[in-house]
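Trainee: The structure's right below; bear with me while I get my questions together.
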Amino acid sequence: MINNPSAISEKLLTWYDRHHRVFPWRVAPDQRLLGVVPDPYHVWLSEIMLQQTTVQTVRPYFLKFLAQWPNVKALAAANDNDIMKAWAGLGYYSRARNLKKCAELVTSDFNGQFPDNEKTLKTLPGIGDYTAAAITAIGFDTHAAVVDGNIERVVARLERLETPLPAAKVPIKATMHAITPTTRPGDFAQAMMDLGATLCTPKKPTCSLCPLESDCKAAHSDDVERFPLKPPRKVRPVRRGAAYVAITANGSIWLRQRANSGLLAGMSEVPTSDWTARRDGALGIEAAPFKGNWRETGTIKHVFTHFELRLDVYRLDLPVEKPFDGGWWSSQADVFSEALPTVMKKAITAAIDKPSIQQNRQEGTLI
């Protein structure tokens, strides 16, 4: 364990005061001196969005959500489909569904005020150990051991932990609990995140500029990048399927809504064959949602957490909108504002931007 926890926190907070990153959801140290306090709603919203997503991607989504729903009560009252539309492209769509459920419970059970302790926070939809600790520490400036991927790396190197993840999570959490100060615990958690994101990076860490270099056991070896130890990476399976993009002369595209359970639940989509994370879907025009002169335009690839999906894309050109059952026509101006996940946007783009494979073959063009 760390010999002098208070020295660690003092060094890191001094570094953070000078080198902190600036985010729209963060209250910087100089703002805190002026009496500005963090808004737990901002902390919660950003932390849900940041799960397995980069800060560069999250920034515009956070600002868009805040403009539309400035507080948790406004979000609770929002239309489900409007939330899914605003979330479209951010991925991991169960987060958006839990976002709405959590906002409703905070509004109904806690009068629009987030609980200020980890135990109660973890009873809310979509809030696990990390998010509960982050809201407690950053939102309420209360002592809590916050551990994300960046912090795991920093602590594993500080301690030179030979225990591989995920087993290493237990001693990492214990160390973080010990070194988190009772004063400014939120700033300390954010300082650890910033340190991991800017200096203690996975590859080529800048140890010479790190405020904790003298305390870091791994920094004095030639294998810093070895930590944290990780189990062998599993091979990601590949699933196959087909997507069918029906488009009219004026650019309208036929969409439907996915089932309310399972992967991409409740999202909008162009019709696809019956692929899942565990099995392939049908291929070819035989699985098309309705008959017509479907033409293949290529194949798209999309990587989910546990599998890779490859969809053969087919296009059907129609002169006007036809009254098909089970969906709706979305205009050219509105289609990309629908609650479309990224994989469906890729399929539509492939159909719009590329002529059919058959046409290319007829013209002698290589694909």
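The values are calculated or read from the model by the stated rules, or taken from the named source; none is laboratory data. If you're wondering where the values come from, they're calculated on a predicted model, not measured in any experiment. FYI the Cβ positions are ideal-geometry reconstructions off the backbone, even for glycines, and counts take in every protein chain you see. Just the protein is used for accessible areas: all its heavy atoms, side chains included, with ligands, DNA and RNA removed. Shrake-Rupley method; radii C 1.70, N 1.55, O 1.52, S 1.80 Å.
Trainee: Please go through segment 231-253 and pick out each residue that is among the hydrophobic types (A, V, I, L, M, F, W, C), open to solvent by 10 Å² or more (accessible area, probe 1.4 Å) and touching a residue at least 12 places away in the same chain (Cβ under 8 Å).
Mentor: V238, I247, A249
Trainee: Give the number of residues within segment 146-164 that are under 24 Å from T54 (Cβ atoms) and over 21 Å from the mean Cα position of the chain (by Cα).
Mentor: 4
Trainee: Any idea which of (1) over 15 Å from Q51 (Cβ atoms); (2) of a type in the set (G, A, S); (3) surrounded by fewer than 19 Cβ atoms within 10 Å (Cβ to Cβ) is the one A137 doesn't satisfy?
Mentor: Exception for A137: condition (3).
Trainee: Does D80 count as open to solvent by 10 Å² or more (accessible area, probe 1.4 Å) and touching a residue at least 60 places away in the same chain (Cβ under 8 Å)?
Mentor: yes
Trainee: Further question: Anything in segment 96-123 that is buried (at least 17 other Cβ atoms within 10 Å of the Cβ) and within 29 Å of V303 (Cα to Cα)? List them, or say none.
Mentor: Once the filter is applied, which keeps residues that are buried (at least 17 other Cβ atoms within 10 Å of the Cβ) and within 29 Å of V303 (Cα to Cα), segment 96-123 yields A96, R97, L99, K100, C102.
Trainee: While we're looking at this one, here's another question. Considering only segment 181-195, I want to know if a residue exists there that is modelled with pLDDT of 95 or more, aromatic (F, W, Y) and farther than 30 Å from T297 by Cβ.
Mentor: Among the residues of segment 181-195, at least one is modelled with pLDDT of 95 or more, aromatic (F, W, Y) and farther than 30 Å from T297 by Cβ, which makes the answer yes.
Trainee: What number of residues within segment 281-310 satisfy the criterion of being in contact with a strand residue (DSSP E or B) (Cβ under 8 Å, 6 or more places away or on another chain), part of a loop (DSSP other than H, G, I, E, B) and open to solvent by 80 Å² or more (accessible area, probe 1.4 Å)?
Mentor: Going through segment 281-310 one residue at a time, the tally reaches 2.
Trainee: Hey, can you tell me all the residues within segment 198-223 that are outside any loop (DSSP other than H, G, I, E, B), touching a residue at least 40 places away in the same chain (Cβ under 8 Å) and under 20 Å from L161 (Cβ atoms)?
Mentor: Result: D215, A218, A219.
Trainee: Any idea which of V170, V147, V154 is part of a loop (DSSP other than H, G, I, E, B), at pLDDT 95 or above and either buried (at least 21 other Cβ atoms within 10 Å of the Cβ) or out of contact with any helix residue (DSSP H, G or I) (no Cβ under 8 Å at 6 or more places or on another chain) (or both)?
Mentor: Checking each option against the conditions leaves just V147.
Trainee: Output the residues belonging to segment 53-69 that are polar (S, T, N, Q) and open to solvent by 70 Å² or more (accessible area, probe 1.4 Å).
Mentor: Hits for segment 53-69 are T54, Q56, Q68.
Trainee: Only residues that are at pLDDT below 95, open to solvent by 80 Å² or more (accessible area, probe 1.4 Å) and among the hydrophobic types (A, V, I, L, M, F, W, C): list them for segment 1-25, please.
Mentor: M1 - this is the single residue of segment 1-25 that is at pLDDT below 95, open to solvent by 80 Å² or more (accessible area, probe 1.4 Å) and among the hydrophobic types (A, V, I, L, M, F, W, C).
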